[in-house]
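Novice: Quick one: the structure is below, and I'll ask about it shortly.
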Amino acid sequence: MALVIRPRRDEDIPALAAALVRVHAQDGYPVEGVADPEGWLRHDRELQSWTAVEDSKPMGQITLTRAVPADDAAGAWQKHTGDSIDHLAIPVRLFVDPDHRGSGAGRLLMETAVDFARSRGLAVAFDVMLKDRAAIRLYERLGFAPIAEISHHYGDGNTEAAAVYAIQ
Ligand SMILES: CC(C)(COP(=O)(O)OP(=O)(O)OC[C@H]1O[C@@H](n2cnc3c(N)ncnc32)[C@H](O)[C@@H]1OP(=O)(O)O)[C@@H](O)C(=O)NCCC(=O)NCCS
């Protein structure tokens, strides 16, 4: 099956939203739930999003965002490096449809976002919930390492253990 990573198009959103609902049912990602999956996919600080397409079907995606001080990952990265967050991009909303896992789509999506950031002189850091073991394995294989442990707060007083990852 032909796997292609390309910039996300608006018409990809409904299929990606449907995939996200399946991801949430299987993996509990995102922890905030999927009441509005299409809205969740449209990030207001998006630099670029990419879609993984297999046999013409959108089945995974990633969004690269501009860092702001309110981002947990930005604060931890700034403390760790002493650099300005103007030099940082944060990948978010990475997922692959459960029926299409293990074929390299997640890795290619992440590599595409990282290459894009680097080509613009931006470092990359992000947070990941410790429960998301497949994602952590993928990030560590790509050379990312934890630089801080954090707690992700969401909903009505809920907390999830997380870590901020960056390339050392
Ligand atoms: C993380 C995720 C995007 C990986 O997608 P994927 O397309 O299956 O990943 P890949 O096929 O590219 O695998 C990449 C690496 O991850 C690891 N991996 C992925 N799924 C795995 C599994 N089920 N078991 C063991 N290792 C796994 C492997 O180490 C693999 O490395 P390799 O290519 O050197 O063998 C996918 O599991 C997912 O959508 N998870 C739920 C959402 C999530 O956690 N998102 C990240 C939030 S920060």
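The values are calculated or read from the model by the stated rules, or taken from the named source; none is laboratory data. The structure displayed is predicted, hence computed values, not measured ones. Quick reminder, even Gly has a Cβ in these numbers, built from the backbone with ideal geometry, and neighbours come from all protein chains shown. In case anyone asks, the SASA skips ligands and DNA or RNA and just uses the protein heavy atoms, side chains included. Shrake-Rupley method; radii C 1.70, N 1.55, O 1.52, S 1.80 Å.
Novice: If you roll a 1.4 Å probe over the chain with all protein chains in place, what percent of the accessible area is carbon or sulfur? All intermediate terms of the calculation are to be shown ahead of the outcome.
Specialist: Values: 4100 of 8530 Å².
Answer for the chain is 48 percent, counting heavy atoms of protein chains only.
Novice: When the Karplus curve 6.51 cos²θ - 1.76 cosθ + 1.60 is applied with θ = phi - 60°, which whole-Hz ³J(HN,Hα) does each residue of the range 80-95 get, with x for Gly and Pro?
Specialist: In residue order, the calculated couplings are 6, 9, x, 8, 7, 6, 5, 9, 10, 10, 10, x, 9, 6, 8, 7 Hz.
Novice: Does anyone have the angle between helix 105-119 and the longest principal axis of the chain? Alpha-carbon axes, 0 to 90°, nearest 10?
Specialist: Its long axis makes an angle of about 50 degrees.
Novice: In the range 3-167, with Lys and Arg counted as +1 and Asp and Glu as -1 at Cβ, which of these residues, Ala89, Leu16, Ala145, has the Cα nearest the positive end of the dipole, that is, farthest along it?
Specialist: Most positive-ward Cα: Ala145.
Novice: When the dipole is taken about the Cα centre of the chain, and only Lys, Arg (+1) and Asp, Glu (-1) are charged at their Cβ, what size is it in debye, to the nearest 20? Display every interim value, and only then the final one.
Specialist: On the way: 18 positive and 25 negative charges, 99 e Å.
That gives a dipole near 480 debye.
Novice: With a 1.4 Å probe and all protein chains left in place, how much accessible area per residue does the chain have, in Å²?
Specialist: Working: 8530 Å² over 168 residues.
So the chain comes to 51 Å² accessible per residue, rounded to a whole number.
Novice: What residues have an amide H closer than 5 Å to that of Ala67, excluding those fewer than 5 places away on the same chain, when H is modeled at 1.01 Å from N in the peptide plane?
Specialist: Leu88, Ile90
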